[in-house]
1. Within the range 137-174, how many residues are out of contact with any strand residue (DSSP E or B) (no Cβ under 7 Å at 6 or more places or on another chain) and within 18 Å of residue 86 (Cβ to Cβ)?
2. Kindly list the number of the only condition in (1) within 26 Å of residue 9 (Cβ to Cβ); (2) at pLDDT below 95; (3) in contact with a strand residue (DSSP E or B) (Cβ under 8 Å, 6 or more places away or on another chain) that fails for residue 201.
3. So which of 116, 102 ends up being without any contact (Cβ under 8 Å) to a residue 60 or more places away in the chain and either over 15 Å from the mean Cα position of the chain (by Cα) or assigned by TED's automatic domain parsing to the domain that holds residue 51 (or both)?
């Protein structure tokens with residue numbers, strides 16, 4: 001689920017096109033309800049504002065419209081049986097995170113950050129926000145590790161904050177090339193330079209989710225002071 005309503009990029013990254021259909025269903029008590037059918041690519045179900053607008057169209061909404069769109073994506077989409085529902089959130093600590101924290105019991109959050117100090121300033125704020133709204137922080141991922149942005153900054157910051165470090169992904173041109181071509185799933189190909197590091201991050205996130213659910217099966221209530 002692409003929750004970056006103002007800058008939806010997931011459809012392009014995975015090469016997904018089309019507009020979600022709306023189908024009618026009969027409930028057990030005889031009512032007729034409408035459900036949105038997510039777009040499916042390679043077994044991956046997707047919902048994004050990118051399916052609803054043209055590539056050059058800007059979304060100019062205030063909070064209530066944003067809340068309505070996210071509600072439709074979450075509660076009116078026919079997701080079916082899922083292994084995981086992964087929500088790609090926009091950067092920062094704005095309305096999206098607060099809306100989602102109030103709308104659905106999230107298993108946890110993953111902070112993705114580049115290694116340099118300027119980016120880590122925002123990562124620290126994100127961790128603070130998730131802790132404030134009682135969403136577990138599963139850990140931190142260091143993205144675009146390498147010569148340009150440095151190395152190890154996110155790993156050190158995760159240690160400073162007392163949260164797990166979930167892995168790093170190198171800054172290589174192949175990632176950009178696959179994303180531009182709409183073939184980001186090919187990162188998992190055996191001959192890809194980053195396949196092992198991407199798989200390591202996925203496995204570490206999955207293990208952290210399982211550990212958190214096992215230790216705290218009941219989600220806490222939202223408390224905002």
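1. Adding up the residues that qualify gives 0.
2. (2)
3. Numbers: 102 fails: without any contact (Cβ under 8 Å) to a residue 60 or more places away in the chain.
Going through 116, 102 in turn, the sole match is 116.
The values are calculated or read from the model by the stated rules, or taken from the named source; none is laboratory data. As the structure is a prediction and not an experimental result, all values here were calculated from the model. Ideal geometry is used to build each Cβ from the backbone, glycine not excepted, and the neighbour counts take in all protein chains shown.
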